[in-house]
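Shown next, in structure tokens, is the structure this report addresses.
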Amino acid sequence: MTDIFSDVEPMVFKSRINVPYAWWTGETAERFFLALRDDKKIMGTRCPVCEKVFVPPRKVCPLCFHEKMAWVEVSSEGVLESFTIVKRQLAALTRKAPVIFGLIKLDGADTSILHYIENPGHEDIKIGTRVAAKFNEERSGSMQDIACFRPIS
Amino acid sequence: MPKKRVAIVGTGQTYHKSHRPDVNGQELINEAVQRALKDADLTIKDIDAVVIGNMDHFEGINYVDCWSVDGSGGTMKPVIKLTTGGTTGSTLAIGGYHLVASGFFEKVLVIGWEKNSESDTTGAITTAFDPVWDRLVFAGAISGLAAEAQAYMAKYGATEKDAARVSVRDRKHACNNPHAQLRREITIEDVLASPMLADPIHLLDVCPRTDGACAVIMASEDCAGKVTSTPDWIWTTANRHKYTYLGDVNWGELDSIAEASREIYAKAGIREPRKEIDVIELYQPYSFAGIIWIEDLGIVEKGKGAEYIWSGATDMGGELPINPSGGVIACNPIGATGLIRCAEAALQVMGKAEARQVPDVNFAISTGFGGCMWSDMLLHGKRKPDF
Ligand SMILES: [Zn+2]
């Protein structure tokens with residue numbers, strides 16, 4: 001970079017504004033996070049028309065537009081649908097690389113959730129591996145209340 | 001020329017509030033969409049394409065077209081995002097009109113939404129100004145509006161009291177609109193006693209920040225009559241942009257709305273807008289615009305805006321009611337605001353505006369205004385356009 005500027009005086013203006021964001025979860029997601037925090041339960045919503053169970057829960061079925069979704073508890077165990085091992089320390093990572101991102105379809109759900117996969121001492125993760133949630137002892141009501149998913153036999 | 005004539009056949013709005021913690025963005029959008037579908041007696045399966053927009057840096061979500069499909073019903077349909085600052089809602093309406101008028105899509109769902117409560121509105125709006133030349137001094141939306149008001153007052157001798165009369169009108173009208181955010185009457189004294197934000201603009205002269213969504217369903221002439229017996233025909237639309245740098249603006253007059261309106265009058269054969277137009281839903285983010293822009297629209301001569309406002313002509317029951325909904329001063333979910341003007345004009349033409357209905361509306365105008373001196377406009381009519 002320094003070479004580029006060796007013969008010029010760079011003229012740059014720094015931004016003075018800062019736009020902080022804070023997103024309302026809404027009552028539907030709130031119910032999911034409270035069940036996770038208080039009862040270590042993973043909740044989804046089921047559409048009575050197409051019978052699909054959505055995790056994260058949807059207030060309205062995105063496929064049928066049906067407004068009366070039913071709450072259902074799904075398992076904290078499921079199947080790895082796909083994954084990747086991230087080896088570069090990207091800025092957005094909250095953990096030290098390498099980390100495994102996995103898409104987990106929990107038993108009883110029709111959609112997958114995204115989370116970390118941990119497999120201490122082993123690299124032999126495969127699509128189809130069965131995994132289980134490892135809950136944190138201290139929980140505050142977010143997806144981070146699940147520390148990770150780990151393979152089970 | 002359009003291949004197909006286009007009508008609005010259904011509208012839906014949320015009940016707009018300063019904060020909607022009970023729903024996320026997609027759920028807010030869905031409320032408006034479900035209401036529009038019910039209004040038109042259609043289902044999401046009937047919709048051929050979706051046009052959606054907001055001020056995407058307000059919520060920090062930069063792929064709103066994709067992210068919103070759970071709420072918009074856009075799953076496995078063509079979806080386009082449009083965002084043009086303050087005019088986003090009216091540009092959405094113009095974009096939806098173009099999609100149907102082109103003949104490519106028969107029924108198009110148009111959605112504008114905003115959750116202003118999720119970020120710093122002024123910080124986000126400041127990104128509309130040039131970072132090298134203008135942003136270091138100007139900030140947010142209000143500075144530009146204040147500069148316009150100052151220039152106009154110096155030229156024509158209008159006063160803060162004149163502007164306050166516009167706020168009083170809109171806030172009174174808002175009491176008739178169950179969807180409006182601020183539904184309490186105010187007095188001229190209230191406006192003048194409210195905190196001065198940027199001279200000469202007081203707090204009660206300007207729009208609030210609102211969470212809300214609006215959806216409008218547009219249909220081609222081939223099916224509009226089957227969907228509703230009272231379609232709102234979109235006669236024509238216009239859009240003008242003016243400046244890059246704030247120093248290029250002709251302060252005290254809104255050239256963009258003047259030119260957009262002349263294009264619309266010429267296309268529709270309107271010679272005397274004051275007599276031929278029955279109601280205007282004006283995107284009027286602050287009270288002084290209610291005086292200045294009706295001059296630029298050719299409703300009254302230059303310098304006569306305040307006199308016309310004081311006469312009561314723009315109040316409900318007057319010669320040309322403006323903002324029966326209460327307008328932007330009473331409610332401002334920014335990405336939806338322009339589309340709410342369009343939906344409210346449509347309600348007037350369709351005869352569905354309930355307590356805020358203006359009698360016998362043949363022609364209505366809705367407008368959009370953006371950051372800070374560009375304009376959109378739509379002409380709505382009871383009769384099918386003859387071109
Ligand atoms: Zn369904």
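The values are calculated or read from the model by the stated rules, or taken from the named source; none is laboratory data. These numbers come from a predicted model, not from an experiment. As a convention, Cβ positions derive from the backbone with ideal geometry for all residues, glycine included, and neighbour counts pool all protein chains shown. These accessible areas exclude ligands, DNA and RNA; they are computed on the full protein's heavy atoms, side chains included. Shrake-Rupley method; radii C 1.70, N 1.55, O 1.52, S 1.80 Å.
Note on segment B:186-230: among residues that are surrounded by fewer than 23 Cβ atoms within 10 Å (Cβ to Cβ) and of a type in the set (D, E, K, R), the one that is nearest to B:GLY335 (Cα to Cα) is B:ARG209. For segment A:61-87, the tally of residues that are part of a loop (DSSP other than H, G, I, E, B), open to solvent by less than 50 Å² (accessible area, probe 1.4 Å) and away from the ligand (no atom under 16 Å from the Cβ) stands at 2. Every test in (1) touching a residue at least 24 places away in the same chain (Cβ under 8 Å); (2) within 16 Å of the ligand (Cβ to nearest atom) is passed by A:ILE42 save one, and that test is (2).
Among the residues of segment A:47-60, the one identified as open to solvent by 80 Å² or more (accessible area, probe 1.4 Å) and either more than 14 Å from chain B (Cβ to nearest Cβ) or not in a loop (DSSP other than H, G, I, E, B) (or both) is A:GLU51. Scanning segment B:10-41 for residues that are within 11 Å of chain A (Cβ to nearest Cβ) and among the aliphatic types (A, V, I, L, M), we see that the one that is farthest from B:TRP113 (Cα to Cα) is B:LEU37. Scanning segment A:35-87 for residues that are farther than 30 Å from A:ILE125 by Cβ, out of contact with any strand residue (DSSP E or B) (no Cβ under 9 Å at 6 or more places or on another chain) and not β-branched (Val, Ile, Thr) turns up A:ASP38, A:CYS50, A:GLU51, A:LEU63, A:CYS64, A:PHE65, A:HIS66, A:GLU67, A:LYS68. Restricting the first member to segment A:12-38 and to residues that are more than 9 Å from chain B (Cβ to nearest Cβ) and of a type outside the set (Phe, Trp, Tyr), and the second to residues that are in a helix (DSSP H, G or I) and open to solvent by less than 50 Å² (accessible area, probe 1.4 Å), the beta-carbon pairs closer than 6 Å and six or more apart or on different chains are A:LEU36/A:ASP145; A:ARG37/A:ASP145.
For segment A:95-104, the count of residues that are open to solvent by 40 Å² or more (accessible area, probe 1.4 Å), in contact with a helix residue (DSSP H, G or I) (Cβ under 6 Å, 6 or more places away or on another chain) and either within 28 Å of B:GLN34 (Cβ to Cβ) or at pLDDT 95 or above (or both) is zero.
You will find that of B:LYS172, B:LYS161, B:LYS155, the residue that is more than 14 Å from chain A (Cβ to nearest Cβ) and in contact with an Asp or Glu (Cβ under 7 Å, 6 or more places away or on another chain) is B:LYS172 and no other.
Residues that are over 27 Å from B:TRP67 (Cβ atoms), part of a strand (DSSP E or B) and open to solvent by 30 Å² or more (accessible area, probe 1.4 Å) do not occur anywhere in segment A:35-43.
Take the residues of segment A:118-149 that are in a loop (DSSP other than H, G, I, E, B) and among the β-branched types (Val, Ile, Thr): which is surrounded by the fewest Cβ atoms within 10 Å (Cβ to Cβ)?
A:ILE127
What are the residues in segment B:1-60 that are part of a helix (DSSP H, G or I) and of a type in the set (A, V, I, L, M), if any?
Listed by number, the residues that qualify are B:LEU28, B:ILE29, B:ALA32, B:VAL33, B:ALA36, B:LEU37, B:ALA40, B:ILE44.
Here A:CYS50 passes the criteria (1) on the phi > 0 side of the Ramachandran plot; (2) within 16 Å of the ligand (Cβ to nearest atom); (3) not polar (S, T, N, Q) except the one numbered (1).
Could you list all residues from segment B:17-29 that are more than 17 Å from B:ILE334 (Cα to Cα) and buried (at least 23 other Cβ atoms within 10 Å of the Cβ)? Within segment B:17-29, just B:VAL23 meets the criteria. Could you tell me which residue of segment A:1-34 is most open to solvent (accessible area, probe 1.4 Å), considering only residues that are aliphatic (A, V, I, L, M) and outside any loop (DSSP other than H, G, I, E, B)? Ranking the qualifying residues of segment A:1-34, first place goes to A:LEU34. Any residue at all in segment B:123-131 that is of a type in the set (A, V, I, L, M), away from chain A (no Cβ under 13 Å) and within 21 Å of the chain's Cα centre (by Cα)? Checked segment B:123-131: no residue is of a type in the set (A, V, I, L, M), away from chain A (no Cβ under 13 Å) and within 21 Å of the chain's Cα centre (by Cα).
Scanning segment B:240-281 for residues that are acidic (Asp, Glu), within 21 Å of the chain's Cα centre (by Cα) and under 17 Å from B:GLU319 (Cα atoms) gives B:GLU276, B:ASP278, B:GLU281. Restricted to strands (runs of 3 or more DSSP E) entirely inside segment B:276-387, no element has at least 3 residues that are among the polar types (S, T, N, Q), surrounded by fewer than 24 Cβ atoms within 10 Å (Cβ to Cβ) and in the same structural domain as B:SER256 (by TED's automatic domain parsing).
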